[in-house]
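Peer 1: Quick one: the structure is below, and I'll ask about it shortly.
The values are calculated or read from the model by the stated rules, or taken from the named source; none is laboratory data. Since this is a predicted model, take the numbers as computed values, not measurements. Cβ atoms come from the backbone with ideal geometry, glycine included; neighbour counts cover every protein chain shown. Heavy atoms of the whole protein, side chains included, go into the accessibility calculation; ligands, DNA and RNA do not. Shrake-Rupley method; radii C 1.70, N 1.55, O 1.52, S 1.80 Å.
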Amino acid sequence: DNKLSASEQDASKVTYANKIHKQEAEIDWLDSAINIERKIRAFNSWPLAYTFLNRQRIRIWQAKAKAKKIHLSAGTIIAADKNGIEVSTGNVSLMIQKLQAAGSKVVSAQDFINAQDLLNQCFMNKGNELSQKNTNVRVQA
């Protein structure tokens, strides 16, 4: 007999989760790669983790932290090739695998690379200066 019975919840074990706001999904590139990866997974499918590239909002759908130590400014695009878009974070790099530009559909990193010039680019937080550049980048289509 598969009947369920209701039981009262223990009030001492109740927790409250605040409403999620879109601003919480903005990526802080100074954070660790693993925390950014977790944020991307946590906010998939709403409100979606996002960042900015050339003042355009970019939604990140899938990424993986790497164990590669990087000594470049956080948010710097280190490499872009068929494996993804590698970005420096606060500790190691993050490999972006699927992303979405504003008004576009979700694409693989490879398709995004084919449509965008990523040479000398940095992902930025909305409040950061958007003209930051770095010349230690290699882009391979």
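Peer 1: Which residues, taken from region 60-76, are under 18 Å from Lys105 (Cα atoms) and surrounded by 21 or more Cβ atoms within 10 Å (Cβ to Cβ)? Give the derivation first.
Peer 2: Keep residues of region 60-76 that are under 18 Å from Lys105 (Cα atoms), which gives 60-63.
Across region 60-76, the qualifying residues are Ile60, Ala63.
Peer 1: So, in region 82-104, of the ones that are in a strand (DSSP E or B) and touching a residue at least 60 places away in the same chain (Cβ under 8 Å), which residue ends up most open to solvent (accessible area, probe 1.4 Å)?
Peer 2: Among them, the one singled out is Val92.
Peer 1: Which count do you get for residues in region 4-45 that are under 9 Å from the mean Cα position of the chain (by Cα) and hydroxyl-bearing (Ser, Thr, Tyr)?
Peer 2: The number of residues fulfilling the criteria is 0.
Peer 1: Scan region 48-70 and tell me whether some residue there is part of a loop (DSSP other than H, G, I, E, B) and modelled with pLDDT of 95 or more.
Peer 2: Initial filter on region 48-70 (part of a loop (DSSP other than H, G, I, E, B)): 48, 54-55, 70.
Remaining after also requiring modelled with pLDDT of 95 or more: 48.
Scanning region 48-70 turns up at least one residue that is part of a loop (DSSP other than H, G, I, E, B) and modelled with pLDDT of 95 or more.
Peer 1: Okay, next question. Look at region 34-44 and say how many of its residues are within 19 Å of Phe112 (Cβ to Cβ) and either small (Gly, Ala, Ser) or open to solvent by less than 10 Å² (accessible area, probe 1.4 Å) (or both).
Peer 2: Matching residues across region 34-44 total 2.
Peer 1: I would also like to ask the following. Check off (1) closer than 14 Å to Phe123 by Cβ; (2) among the charged types (D, E, K, R); (3) modelled with pLDDT under 95 for Glu26 and give me the number that stays unchecked.
Peer 2: All conditions are met except number (3).
Peer 1: Here's another thing I want to ask about it. Quick check: is even one residue across region 11-30 in contact (Cβ under 8 Å) with a residue 60 or more places away in the chain, open to solvent by less than 100 Å² (accessible area, probe 1.4 Å) and of a type in the set (Ser, Thr, Tyr)? Working first, answer last.
Peer 2: So in region 11-30, the residues in contact (Cβ under 8 Å) with a residue 60 or more places away in the chain come out as 26-30.
Narrowing the set further to residues that are open to solvent by less than 100 Å² (accessible area, probe 1.4 Å) leaves 26-29.
With of a type in the set (Ser, Thr, Tyr) added as a condition, the list becomes none.
No, region 11-30 contains no residue that is in contact (Cβ under 8 Å) with a residue 60 or more places away in the chain, open to solvent by less than 100 Å² (accessible area, probe 1.4 Å) and of a type in the set (Ser, Thr, Tyr).
Peer 1: Quickly run through region 46-77 and pick out the residues that are without any contact (Cβ under 8 Å) to a residue 60 or more places away in the chain and more than 15 Å from the chain's Cα centre (by Cα).
Peer 2: Scanning region 46-77 gives Ala67, Lys68, Lys69, Ile70, His71.
Peer 1: Moving to a separate point now. Within region 105-114, does at least one residue satisfy the condition of being touching a residue at least 40 places away in the same chain (Cβ under 8 Å) and open to solvent by less than 30 Å² (accessible area, probe 1.4 Å)? Let's see the steps before the verdict.
Peer 2: So the first thing to find is which residues in region 105-114 are touching a residue at least 40 places away in the same chain (Cβ under 8 Å), and the list is 106.
Next cut, open to solvent by less than 30 Å² (accessible area, probe 1.4 Å) only: none.
Within region 105-114, none of the residues are touching a residue at least 40 places away in the same chain (Cβ under 8 Å) and open to solvent by less than 30 Å² (accessible area, probe 1.4 Å).
Peer 1: Could you say whether any residue in region 16-23 is part of a loop (DSSP other than H, G, I, E, B), farther than 17 Å from Leu118 by Cα and among the basic types (Lys, Arg)?
Peer 2: If we filter region 16-23 for residues that are part of a loop (DSSP other than H, G, I, E, B), which is where we start, we get 16-21.
Within this subset, residues satisfying the condition of being farther than 17 Å from Leu118 by Cα are 16-21.
Retained after the next criterion (residues that are among the basic types (Lys, Arg)): 19.
The answer is yes, given that some residue of region 16-23 is part of a loop (DSSP other than H, G, I, E, B), farther than 17 Å from Leu118 by Cα and among the basic types (Lys, Arg).
Peer 1: Would you call Ala79 among the hydrophobic types (A, V, I, L, M, F, W, C), at pLDDT 95 or above and open to solvent by less than 10 Å² (accessible area, probe 1.4 Å)?
Peer 2: no
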